[in-house]
Amino acid sequence: MNGLATVFRFEYTQQVRKKAFVATTVLLACAAVFAALCPIIFASALDGQSSDQTLTGGVYYADPSLAGTLPFDQDHTYESEDDLRNAVEDGTESMGFVIKDLTHITTYYKNYTSSSASDSGIVQSMLQQAYVTSVLASRGVSPDEYQALLATPVDEDRQILGRDSTTQYMTAIVYIVVVYIVVLFFGQTVATAVAREKDSKTMELLITSTRPTNLILGKVIGLTCAALTQIGAVVCAGGIAYLAAHDSYPQGVRDFLSDAFDGSMLGVYLLNFVLALALFMVLYAALGSLVSRVEDVSTAVTPVMLLVVIAYLLAFLAADGATNAFVTIGSWIPFFSVFVMPIRFSVGTASWVQIVGSTVLTLACTVALAYVSVRIYRWGTLRYGTRIKLFTAIRKAFSSQE
């Protein structure tokens, strides 16, 4: 095997042919199709529901003139307070309401839960509405006039001088989660692959067949392209389902998605996604070459996993619009910036100049880290025994004596 292209083809085809890779891609693609069809499914379910709301529990009207004021089912209306209380005690009703007048009720609960508290709140709100309507009617204001007053809209001339982050929040969260999962999964994959080659002595043969640069970069590029292939397949499946069902979406959902799918933001996300994979996987590959057994990989890559977790948490802070020093500084540190800076840009707390500057800095760091990783890989591949610490490996890899 010789040449970067040969190593790339081998690593890429090996990854995409794995049964686990294919199965995961198919399952994720099915999930994407289901997600694309969810608005139609839920809209259909809501359309099938009756617009008349029936309240939960039983009711007794102490004042017969109030009978029918609230939308309780006739079968759950009782003739006396004792009958209602007994029904709650024996479990026939989960709760019961004694309507004394429009401003006073007694409520019996079988068990007091958050759900029953919510149902009770709905009853109180309806009674309050009925009371207000009756008072206004006594003063010559009809219910229709009152409802017309409540429905009077306030016209807003919305002038957004920055970015509308409300439409980008969902996309930002998806980006954070996807990058987090993909970096950890494929990073662990490349580190394990390097360690397995070293453990099986395969690396000794490979290192004599081609340059270490070709080996490490071929692995990184191959697995990066495999990750992009998987994500691309999932996105295509969801996109096709979305286009096929687009006309059946509720108008509000279509408006939201058209705002959320900002072409400039998608480009920023894609660029930083690729940079995140390249940046972390060259580091994972270098760490994998420092162990002699596959069992030691998890311990060796723990520091990198901590970096990813910190970046993940900072990105969520940025998604909420935080502008504290941790988020601002983190968005310029290459290991964190690929998570944080795109999110800051999406919510309007970073400018185009900052996103370009951060990208250039991260790209330069990735190239430098690739160079360091190649040196560590070259030095560590033929070293066996106990696991070597990263800083020790860097020092020895650049030592004039090595």
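A short reminder: the numbers here are calculations on the coordinates, not readings from a lab. Just so you know, these numbers come straight off a predicted model, no measurement behind them. Virtual Cβ from ideal backbone geometry, glycine too; neighbours counted across all protein chains shown.
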Checklist line | Antiparallel bridges, percent of DSSP beta bridges restricted to the range 58-144 (to nearest 5) | finding: 55
Margin query: Across the range 58-144, what fraction of all alpha-carbon pairs, as a whole percent, falls in each successive 5 Å bin from zero upward?
Written below: 3, 14, 24, 24, 17, 9, 5, 3, 1, 0
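Work through the residues other than Gln15 whose Cβ is under 15 Å from its Cβ and net out their charges, Lys, Arg +1 and Asp, Glu -1.
Numbers: positive: Arg9, Arg17, Lys18, Lys19, Arg196, Lys219; negative: Glu11, Glu197.
Around Gln15, the charge tally is +4.
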Next item on the list: Arrange the peptides 309-316, 112-119 so that the one whose residues have, on average, the most other Cβ atoms within 10 Å appears first.
Entry: 309-316, 112-119
Check: If each of Gln128 and Tyr112 carries a label point 7 Å out from its Cα toward its Cβ, how far apart are those two points in nm?
Finding: 1.9
Check: Under a point spin-label approximation (7 Å from Cα along Cα-to-Cβ), what is the Asp157-Ala5 distance to one decimal in nm?
Finding: 6.2
Notebook entry, point to check: Going by average Cβ neighbours within 10 Å, how do the peptides 124-133, 188-197, 146-155 rank, with the highest at the top?
Noted result: 188-197, 124-133, 146-155
Next item on the list: Can you tell me the FRET efficiency between Thr13 and Ser351 if r is taken as the Cβ-Cβ distance and R0 is 45 Å, rounded to the nearest 0.05?
Entry: 0.60
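Given a Förster radius of 35 Å and the C-beta distance between Met305 and Ser248 as r, what FRET efficiency does 1/(1 + (r/R0)^6) yield to the nearest 0.05? List each step's numbers first, then the result.
Values: r = 43 Å, r/R0 = 1.22.
According to the calculation, E is roughly 0.25.
About the Cα centre, and with charges only on the beta carbon of Lys, Arg (+1) and Asp, Glu (-1), how big is the dipole of the range 58-144? Nearest 20 debye, please. The partial results should precede the final answer.
Numbers: 4 positive and 13 negative charges, 91 e Å.
It works out to roughly 440 debye.
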Checklist line | Label-point gap, in nm, between Glu79 and Val235 - each point 7 angstrom along Cα→Cβ | finding: 6.9
Next item on the list: Work out the FRET efficiency for Val174 and Val141 from their Cβ-Cβ distance, taking R0 = 35 Å, and round it to the nearest 0.05.
Entry: 0.10
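Based only on Cα atoms, what mean projected area does the convex hull of the range 272-355 have, in nm²? Provide the component values of the computation, followed by the final result.
Numbers: hull surface 22.3 nm².
Mean projected area for the range 272-355: 5.6 nm², to one decimal.
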Next item on the list: Please give the contour-minus-distance gain from Asp63 to Glu89: 0.36 nm per residue of separation, less the Cα-Cα distance, rounded to one decimal in nm.
Entry: 7.0 nm
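Projected area of the range 1-155, taken from the Cα convex hull and averaged over every viewing direction, in nm²?
Its Cα hull, projected and averaged over all orientations, spans 18.9 nm².
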